[in-house]
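Novice: Sending over a structure as structure tokens; questions will come in a sec.
The values are calculated or read from the model by the stated rules, or taken from the named source; none is laboratory data. The structure displayed is predicted, hence computed values, not measured ones. Cβ atoms come from the backbone with ideal geometry, glycine included; neighbour counts cover every protein chain shown.
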Amino acid sequence: MTYNFFATISRMKYIDRWALMRNSRNETLSEHSLEVAMLSHALCVIANIRYGRKLDANKAALIGLYHDASEIITGDMPTPVKYYNSELQEAYKDVEKIAEYKLLNELPQDIRTAYEEIFKPDDDEAEQYMRRLVKAADKISALIKCIEEEKSGNSEFQTASKTTRAAVETMMDEMPEVKDFVYEFLPPYGNTLDELL
């Protein structure tokens, strides 16, 4: 018997993000997921080393890799639509859960549990905090996209940049590791390679 999970996941490279906006460079779901994985890992490392947390940074990276996998089925719902009202937001969450269930059913039963642990949160306090950091990584990734678009002269992202920055600033107030990352690592984004090296 064959299973479609990984062949389906590989299609993340065909899903473009920011579909309603003019982009100077398209960003795929694959690119975004890799960035969120790296940022999630970094936030957990900062949390563990600087703030005495005991978070599984490797699991956070995996959650980041798969955090938007349902969009292979649903597509990338634009933020203004997704958050238009609470009813639409809840309906979209239900659709995402159905899509995740469909993906997980494309795995053989004996390894499915390992992937369910990535897709489905448990009630452990450390796990809940780790997943909040993954959400913060997702927002930081969106902010990085805004910074890069604005640096390339694309004014289309001005409003998105303001609202995303405000959301990240709220998270900075709640999670000190987010604040550390934003102050220490965000400023060089948008620099040229010569400026970085």
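Novice: For region 117-134, check the following and say yes or no: at least one residue is without any contact (Cβ under 8 Å) to a residue 60 or more places away in the chain and of a type in the set (G, A, S).
Specialist: Among the residues of region 117-134, not one is without any contact (Cβ under 8 Å) to a residue 60 or more places away in the chain and of a type in the set (G, A, S), which makes the answer no.
Novice: A further question on this structure: In region 17-36, how many residues are in contact (Cβ under 8 Å) with a residue 40 or more places away in the chain, closer than 20 Å to F181 by Cα and not acidic (D, E)?
Specialist: The number of residues fulfilling the criteria is 2.
Novice: Could you please find all residues in region 66-87 being crowded, with 21+ Cβ neighbours inside 10 Å and either of a type in the set (V, I, T) or within 13 Å of A137 (Cα to Cα) (or both)?
Specialist: Answer for region 66-87, where residues must be crowded, with 21+ Cβ neighbours inside 10 Å and either of a type in the set (V, I, T) or within 13 Å of A137 (Cα to Cα) (or both): just H67.
Novice: Same structure, new question: Looking at region 185-197, which of its residues are out of contact with any Asp or Glu (no Cβ under 8 Å at 6 or more places or on another chain) and over 15 Å from C44 (Cα atoms)?
Specialist: Answer for region 185-197, where residues must be out of contact with any Asp or Glu (no Cβ under 8 Å at 6 or more places or on another chain) and over 15 Å from C44 (Cα atoms): L186, P187, N191, T192, L193, D194, E195, L196, L197.
Novice: Another one. Which pairs have Cβ atoms under 7 Å, sit 6 or more apart or on different chains, and link a residue in region 169-197 that is crowded, with 16+ Cβ neighbours inside 10 Å to one that is among the hydroxyl-bearing types (S, T, Y) and assigned to a helix (DSSP H, G or I)?
Specialist: So the pair list comes out as E177/Y51.
Novice: Within region 140-162, how many residues are exposed (fewer than 15 other Cβ atoms within 10 Å of the Cβ) and either touching a helix residue (DSSP H, G or I) at 6+ places or on another chain (Cβ under 8 Å) or not polar (S, T, N, Q) (or both)?
Specialist: Final tally of qualifying residues: 4.
Novice: Only one of (1) more than 18 Å from A114 (Cα to Cα); (2) touching a residue at least 40 places away in the same chain (Cβ under 8 Å) is not met by L62, so which one is it?
Specialist: Failed condition: (1).
Novice: Restricting region 33-54 to residues that are within 17 Å of F119 (Cα to Cα) and among the hydrophobic types (A, V, I, L, M, F, W, C), which is nearest to the chain's Cα centre (by Cα)?
Specialist: Across region 33-54, the extreme among qualifying residues is V36.
Novice: Hey, another quick one. I need a count of the residues in region 11-40 that are in a helix (DSSP H, G or I) and among the aromatic types (F, W, Y).
Specialist: The number of residues fulfilling the criteria is 1.
Novice: Another one. Out of the residues in region 11-32 meeting the condition of being within 17 Å of the chain's Cα centre (by Cα) and small (G, A, S), tell me which one is modelled with the lowest pLDDT.
Specialist: That would be A19.
Novice: Then there is this: Is it the case, given these coordinates, that E169 is more than 19 Å from L62 (Cα to Cα), of a type in the set (D, E) and touching a Ser or Thr at 6+ places or on another chain (Cβ under 7 Å)?
Specialist: Judged against the criteria, E169 is not a match.
Novice: Same structure, new question: Just give me the residues in region 42-85 being assigned to a helix (DSSP H, G or I), more than 15 Å from P176 (Cα to Cα) and modelled with pLDDT of 95 or more, in sequence order.
Specialist: A57, N58, K59, A60, A61, L62, I63, G64, L65, Y66 - these are the residues of region 42-85 that are assigned to a helix (DSSP H, G or I), more than 15 Å from P176 (Cα to Cα) and modelled with pLDDT of 95 or more.
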